[in-house]
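Single-structure report; data block below.
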Amino acid sequence: MLSLTNANPLTILQLLLAGGEVTLEVSIGSWLVSVIAGLLFLAFRQAPYRPVRWAADFVITCLRSMPQLVLLYLVFFGLGGIGININPIVSAIVALGLTEAGFTSEVYRAGLLTVSDEQREAGASLGLGSFQIFRLIVLPEMVPFLVPPLLNSFVGLTKAATIASAVGVPEILYQSTTIINETFQVLLVSMLVIVLYVIFTVPLTRLSAALELRLGYAH
Amino acid sequence: MPDEPILEMRGLRKTFGRAEVVCGVDIVVRRGEKVCMLGPSGSGKTTTLRCLNLLTEPSSGELYFHGQLVGRWPSGRGSRSAANDAQRLRRHVSMVFQHFGLFPHLTALDNVTLGPVHVLGMNRREAAERARALLRRVGLEQFAEKHPATLSGGQRQRVAIARAMAMNPDVILFDEPTSALDPEMVGEVLSIMEQLASDGMTMVIVTHETNFARHVADRVVVMENGVILEEGTPVDIFERPTQRRTREILRARVQA
Ligand SMILES: Nc1ncnc2c1ncn2[C@@H]1O[C@H](COP(=O)(O)OP(=O)(O)OP(=O)(O)O)[C@@H](O)[C@H]1O
Ligand SMILES: [Mg+2]
């Protein structure tokens, strides 16, 4: 680690940016996990077998009501305890991704409801099969609805990613704490972190709004 | 064979919950025939029509397509082969809906090519060429690249008719195709349908447009309370109905 005793703001910024990179890694990873696991959850929740649906509902409810940190400990120390060692970044990605997936599957479910039965019937009346109806009609029609909540969930994950510091992942909060401990530059470091977050998230929320407009062909 | 039956439904019954809304209807649709179905609201016209392409599953009855049994109910409901049979049937039996049912994320052209490309396996170039020709026939060639939201109701329904025609179906089912339209747009849709009728298309049309039924139908079917009250040529039904109820129902329609 660099000596920080008389650190200049530039060095601090560099360290924070390195942390930001890790934060980004964790949030992109966990977002991907949530987008895919959310689909699986949705599939299980709509499974034709009642016990499968119950199990899925139970798991999702647990995931959504559990503090993310607890799940992170469970994944990292719990699995470590039974001899499965996974690296801290991966455990953070899994823990955050799974928690988020409970939410994401709700988003998908609401998205499905935005496509009317009339649309499915119009597809069926052309002789399309149920998977074709999903792929050619339901999915493209629900995408405009999904984009904003999924982007927001990504923005949320960039903040939630800070809990990864609890298992020693050198993300932005971990870096800040280290710097503050060595330089006592609480205000400077905090301001820089805030600025970095704002610079990063504002374009994303803008993008979300713009996409929503562009993709919203219905009326 | 001009008299060859294309679709034949025997003993159709449909129950929703405890209410039986279609109670023993027989319908035969022959090649080239135009069948118009009239009847008061709630008489079971839509339900009957939707059973002809199995969008609604009959509670009991038998359905034949070109003399081949498609399904017999009651049967193992929702079985895989029943679903496949229904899907196969719908390649040949198109439908035009009251509320158009166009896909909002696709242009008019893509609405028309979707079925040919994904169901009939036609290549995109050929499908697009045919779709353009069909859009020209319904007078909408210049709207090919527009999305449905930018079209008027009459234009949307004409696209929906082109979409149904693109499947090269044996029959087209129409469920009140003009009921959701502003009055000034009814004419453009009816005239497309008349043109289609004179081209020899086999059509089953649920409608409240008695004038249209009078001069386009080969056969008029009058329904009430889930049964066919009376059925015959337009002259039979409109000039000399055998049932007093028929006369009352038609009179109510003409005044409405
Ligand atoms: N999916 C359904 N679930 C429950 N009841 C239904 C359903 N579809 C139709 N019905 C009922 O069945 C009866 C017949 O309906 P149907 O739509 O076939 O009548 P219709 O003759 O087409 O009437 P309209 O002229 O109003 O369109 C009505 O009482 C209706 O409420
Ligand atoms: Mg109806």
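Bear in mind that the values in this text are calculations on the coordinates, not laboratory data. This structure is a prediction, so every number in the text was calculated from the model and none was measured. Here the Cβ is made from the backbone with ideal geometry for all residues, glycine too, and neighbour counts use every protein chain on show.
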> Can you give the longest stretch of chain A with no exposed loop site, where a site means chymotrypsin sites (Phe, Trp or Tyr not before Pro) in a DSSP loop (not H, G, I, E or B) with at most 12 other C-beta atoms within 10 Å?
Replying inline: A:50-183
>> When only alpha-carbon atoms are used, what values of Rg and Dmax, in angstrom, describe the protein assembly as shown?
In response: 30.5, 106
> Residue farthest toward the positive end of the dipole of the protein assembly as shown, with Cβ of Lys/Arg at +1 and Asp/Glu at -1: which of B:I249, A:A55, A:V143?
Replying inline: B:I249
>> Which of rounded, prolate or oblate describes the range B:1-115 when judged by the alpha-carbon gyration tensor and an a/c cut-off of 1.5?
In response: rounded
> Highest GNM mean-square fluctuation, chain A, Cα pairs closer than 10 Å: which of A:L188, A:L69, A:L15?
Replying inline: A:L188
> With a ≥ b ≥ c the root eigenvalues of the C-alpha gyration tensor of chain B, is it rounded (a/c under 1.5), prolate (a/b larger than b/c) or oblate?
Replying inline: oblate
>> Suppose every Lys and Arg Cβ carries +1 and every Asp and Glu Cβ carries -1, with no other charges. What dipole size does the protein assembly as shown come out with about its Cα centre, to the nearest 20 debye?
In response: 580 debye
> Among A:V193, A:N85, A:T11, whose Cα sits farthest toward the positive end of the charge dipole of chain A (+1 at Cβ of Lys/Arg, -1 at Cβ of Asp/Glu, about the Cα centre)?
Replying inline: A:N85
> Distance from the Cα centre of the range B:160-192 to that of the range A:5-35, in angstrom?
Replying inline: 59 Å
> Can you tell me the Rg and Dmax of the range A:5-143, counting just the alpha carbons, in angstroms?
Replying inline: 20.4, 74
> So how far apart, in nm, are the two label points at B:D3 and B:R136 if each is 7 Å from Cα heading toward Cβ?
Replying inline: 3.9 nm
> Hey, got a sec? Which trypsin sites (Lys or Arg not before Pro) in the range B:57-153 land in a DSSP loop and have at most 12 other Cβ atoms within 10 Å?
Replying inline: B:R77
> Using a Förster distance of 25 Å, how high is the FRET efficiency between B:S60 and B:R88, based on the Cβ-Cβ distance and rounded to 0.05?
Replying inline: 0.70
> Is the shape of the range B:116-256 rounded, prolate or oblate, going by the alpha carbon gyration tensor and its root eigenvalues a ≥ b ≥ c, with a/c under 1.5 for rounded and a/b larger than b/c for prolate?
Replying inline: prolate
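Once the Cβ-Cβ distance between A:I84 and A:E21 is put in as r, and R0 is 30 Å, what FRET efficiency do you end up with, to the nearest 0.05? The partial results should precede the final answer.
Details: r = 27 Å, r/R0 = 0.89.
Rounded to the nearest 0.05, the efficiency is 0.65.
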>> Using +1 at the C-beta of Lys and Arg and -1 at the C-beta of Asp and Glu, which of B:I161, B:N211, B:L151 has the Cα lying farthest in the positive direction of the dipole of the range B:143-240?
In response: B:L151
>> I want to verify a result. In a Gaussian network model of chain B, Cα cutoff 10 Å, which of these has the top mean-square fluctuation: B:I161, B:I172, B:I237?
In response: B:I237
> Among all the lysines, which ones have a C-alpha under 25 Å from B:K34's C-alpha, if same-chain residues fewer than 8 places away are not counted?
Replying inline: B:K14, B:K45
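Stretch A:L112-A:I199 to full length: gain in nm at 0.36 nm per residue minus the Cα-Cα span?
Computed gain between A:L112 and A:I199 is 28.0 nm.
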> Can you pull out the chymotrypsin sites (Phe, Trp or Tyr not before Pro) in the range B:34-99 that DSSP calls coil and that have at most 16 other Cβ atoms within 10 Å?
Replying inline: none
> So how do B:152-158, B:107-113 stack up, highest first, on mean other-Cβ count within 10 Å?
Replying inline: B:107-113, B:152-158
> Shielding of B:94-106 by partners, i.e. mean partner chain Cβ atoms within 10 Å per residue?
Replying inline: 5
> When the Kirkwood radius is taken over all Cα pairs of the range B:50-119, what Stokes-Einstein diffusion coefficient follows at 25 °C and 0.890 mPa s, in µm²/s?
Replying inline: 179 µm²/s
>> Compute, for the range B:32-99, the length of the dipole vector about the Cα centre, with Cβ point charges of +1 (Lys, Arg) and -1 (Asp, Glu) only. Units Debye, rounded to 20.
In response: 160 debye
> What is the distance, in nm, between label points placed 7 Å from the Cα along the Cα-to-Cβ direction at B:R245 and at A:V143?
Replying inline: 5.1 nm
> Once you put a point 7 Å from the Cα of B:A19 and another 7 Å from the Cα of A:A209, both along the Cβ direction, what distance in nm separates them?
Replying inline: 4.7 nm
